[in-house]
Amino acid sequence: MGEKSKKGGQQEQGNKKNTPNVKVVFLGGVGEIGKNMTAIECGDNIIVIDAGSCFPNQEEMPGIDYIIPDFNYLQQNAKRVKGIIVTHGHEDHIGAIPYVLKEVNTPVYGSNLAIALIQHKITEHKLEGIKLKVVEEREVVTLGCFSVEFVRVTHSIAGAFAVAVTTPKGVIFHTGDFKIDHTPVDGRCVDFSRIAQIGENGVLLLLQESTNVEIDGYSMSERNVGKSLDNIFGQNIHKRLIVATFASNVHRIQQILNCALKYNRRVAFSGRSMENIVKITYAIKELKYPPNLLIDLDKIGSIPNDRVCILATGSQGEPESALSRMSTNEFKKVVIGKDDTVIIAASPIPGNQRSIYKVINNLSRKGADVIYHALTSIHVSGHACREELKMMMSLTKPKFFMPVHGEYRHLKLHAELASLMGISPANVEIPELGQVYDISKSGIKKQGTVPSGIVMLDSSLQESSEVLLRDRKLMSGDGFVIAIVNASSKSGELTAPPIIISRGIMLPESLVEDIKTELSVKFMANAGSEFVASEARNDIRKVCAKILFNKLKRRPMVIPITIES
């Protein structure tokens, strides 16, 4: 069936009898934060909601830069995939799209901003022939036997949608990431009336994000941050201001630009992602400012410090970010001192606390005043708290409920919250990664599993294997030892003393001599027999590993090298 689009109203579900089963497959985003990807299928039709990435913990995954879902199931069924539906433009929802599109050529649907960000990725990956479709709120797109309606919600990025997927068995409503902000910066509130209509017409299954289910009450409005920023700008009129925030939070950036205009400051951007986002959002008119407001970072020395505001990346203490390099004197264009006030308009993502507090300490040592989340309200979450989650359940009135977008503790608490809201516990299911669920009015049933997990990518954007990751962990933990042996290809006798090189582990000179002696004895014992390089390297590895463990109780990686002469 070809693509069709119209505004308002859900598509007719048609005759539900004798129709194939509707299945929901979770390829990412459940039992974890990040790499969100959900597939809904019926017969020969599959649609995918989001295809995100996440950033690894470098202590656990050294050398890995990106993690995306294992989408092998979609590759195996590429001809059945009718489209990718994007709820919004955050990396944990769009980061994997270029990799998926390399293997599965299918249209992508999303808001103006989401599609603009995806287009940038497509260009970077040099992909051609990709169909990107901008949709408006309440627009309905028909994909195979599904119709998908895009419903406006508020989040920490513009152009966020919930999606109502009408299937032959009923409506599946996916909230995407959302909060209920009654005073959003762009004035576009949650489309409560449409959500309520969809709920009145009947929602079979609600898939709702779980990020802030642990937090009671309501999330604060983004406008609260604007008030705090205005106060800080007003209190620091004699200082240079440096503001670090998430590059994707366009509404936050807009409020910073508004404050700069009010207090007669020029704005310079620092950090590639910040520069890219500003360029993209300005082009599509999501971000508004007079062109003369901006100044190139190289030229900020030409105007007084109290007329400058630097908007930078690094709100999470990322080692290579602009703010982190400023804090360690590695950023030549900006030297931090007592005339600077640094505003970190973000709260630490779990796992990043140590990194960001290290940056704060370094900036403070240089004499800067540092204002961060613990001191004032300069960040609000983009995710719904418990009362907002309850409100969405009340509006949609689902028969069945599955919590998504959270670690297991979040999903469990969310399932309990659904029961408190009157959804029968028998109708609540905590999803598992890779699990296939059959959805119908009679219930939710498990129907086997599909391949799932992670794909690790390094800085060259090449896939890294578990073996390579294990080796990196080993080297980062116990270091490595290189043993170089020169031997005769004819007799196998040593033609020069062994060479031992160590990195990440200190080897006493006596231990190095012991290894050289043992290797010499080993090769002397084998002299006269046929020299086989692979066997020789295995012998080197065994000799070194045994001595190192016996003497040091450590297992560094041993890299044997043979040179035949």
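The values are calculated or read from the model by the stated rules, or taken from the named source; none is laboratory data. Predicted, not measured: the structure shown is a model, and the values here were computed from it. Every residue, glycine among them, receives a Cβ derived from its backbone with ideal geometry; neighbour counts consider all protein chains shown. The accessibility values were calculated without ligands, DNA or RNA, using every heavy atom of the protein model including side chains. Shrake-Rupley method; radii C 1.70, N 1.55, O 1.52, S 1.80 Å.
Looking at GLY14, GLY2, GLY52, GLY63 in this structure, which one is modelled with pLDDT of 70 or more, of a type outside the set (S, T, N, Q) and either open to solvent by 30 Å² or more (accessible area, probe 1.4 Å) or part of a loop (DSSP other than H, G, I, E, B) (or both)?
The match here is GLY52.
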Exercise for review: Consider ALA346 carefully, then state whether it is crowded, with 19+ Cβ neighbours inside 10 Å and in contact with a Lys or Arg (Cβ under 8 Å, 6 or more places away or on another chain).
Suggested key: no
Study note, to complete from the structure: Residue hits (region 420-460; open to solvent by 40 Å² or more (accessible area, probe 1.4 Å), more than 21 Å from GLY52 (Cα to Cα) and part of a loop (DSSP other than H, G, I, E, B)) are MET421, GLY422, SER424, GLU429, LYS441, SER442
Study note, to complete from the structure: Those residues of region 485-514 which are hydrophobic (A, V, I, L, M, F, W, C) and either surrounded by 16 or more Cβ atoms within 10 Å (Cβ to Cβ) or over 13 Å from ILE563 (Cα atoms) (or both) amount to VAL485, ALA487, LEU494, ILE500, ILE501, ILE505, MET506, LEU507, LEU511, VAL512
Review point. If only one of THR166, THR183 is in a strand (DSSP E or B) and over 27 Å from the mean Cα position of the chain (by Cα), which one is it?
Key: THR166
Review point. Which condition does GLY110 not pass, out of (1) under 23 Å from the mean Cα position of the chain (by Cα); (2) surrounded by fewer than 21 Cβ atoms within 10 Å (Cβ to Cβ), if it passes all the others?
Key: (2)
**Study point:** Extreme residue, modelled with the highest pLDDT, among residues of region 17-49 that are more than 29 Å from VAL455 (Cβ to Cβ) and polar (S, T, N, Q)
**Key:** THR19
Study note, to complete from the structure: Among residues of region 389-414 being surrounded by fewer than 20 Cβ atoms within 10 Å (Cβ to Cβ) and within 25 Å of the chain's Cα centre (by Cα), the residue farthest from ILE344 (Cα to Cα) is LYS412
Practice item. Exactly one condition in (1) open to solvent by 20 Å² or more (accessible area, probe 1.4 Å); (2) touching a strand residue (DSSP E or B) at 6+ places or on another chain (Cβ under 7 Å); (3) at pLDDT below 95 is not met by ASP186; state its number. Key: (2)
Study note, to complete from the structure: Expected output for region 396-416 (first residue charged (D, E, K, R), partner in a helix (DSSP H, G or I) and surrounded by fewer than 17 Cβ atoms within 10 Å (Cβ to Cβ), Cβ below 8 Å, 6+ apart or cross-chain) is LYS397/GLU200; LYS399/ASN427
Point to revise | Subset of region 299-345 [on the phi > 0 side of the Ramachandran plot and in contact with a strand residue (DSSP E or B) (Cβ under 7 Å, 6 or more places away or on another chain)] | key: GLY314
Review point. Looking only at region 408-444, which residues are modelled with pLDDT of 95 or more and of a type in the set (D, E, K, R)?
Key: ARG409, LYS412, GLU416, GLU429, GLU432, ASP438
Review point. Has region 367-382 got at least one residue that is more than 27 Å from HIS155 (Cα to Cα), open to solvent by 60 Å² or more (accessible area, probe 1.4 Å) and either in contact with a Gly (Cβ under 9 Å, 6 or more places away or on another chain) or assigned to a helix (DSSP H, G or I) (or both)?
Key: no
Review point. Considering region 133-156 alone, what residues qualify as being at pLDDT 95 or above, under 26 Å from ARG252 (Cβ atoms) and either under 24 Å from the mean Cα position of the chain (by Cα) or not charged (D, E, K, R) (or both)?
Key: VAL134, VAL135, PHE150, VAL151, ARG152, VAL153, THR154, HIS155
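Tell me yes or no: at least one residue of region 370-388 is without any contact (Cβ under 8 Å) to a residue 40 or more places away in the chain and over 23 Å from HIS251 (Cα atoms). Step through it out loud before you land on a result.
Step one: filter region 370-388 for residues without any contact (Cβ under 8 Å) to a residue 40 or more places away in the chain, giving 370, 372-375.
Cutting the leftovers down to over 23 Å from HIS251 (Cα atoms) gives us none.
No, because not a single residue in region 370-388 is without any contact (Cβ under 8 Å) to a residue 40 or more places away in the chain and over 23 Å from HIS251 (Cα atoms).
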Practice item. Filter region 346-366 down to the residues that are touching a strand residue (DSSP E or B) at 6+ places or on another chain (Cβ under 9 Å) and of a type in the set (Val, Ile, Thr), then identify the one that is nearest to SER156 (Cα to Cα). Key: ILE356
Check your understanding: If you take the residues of region 521-565 that are in a helix (DSSP H, G or I) and acidic (Asp, Glu), which of them is most open to solvent (accessible area, probe 1.4 Å)?
Key -> GLU535
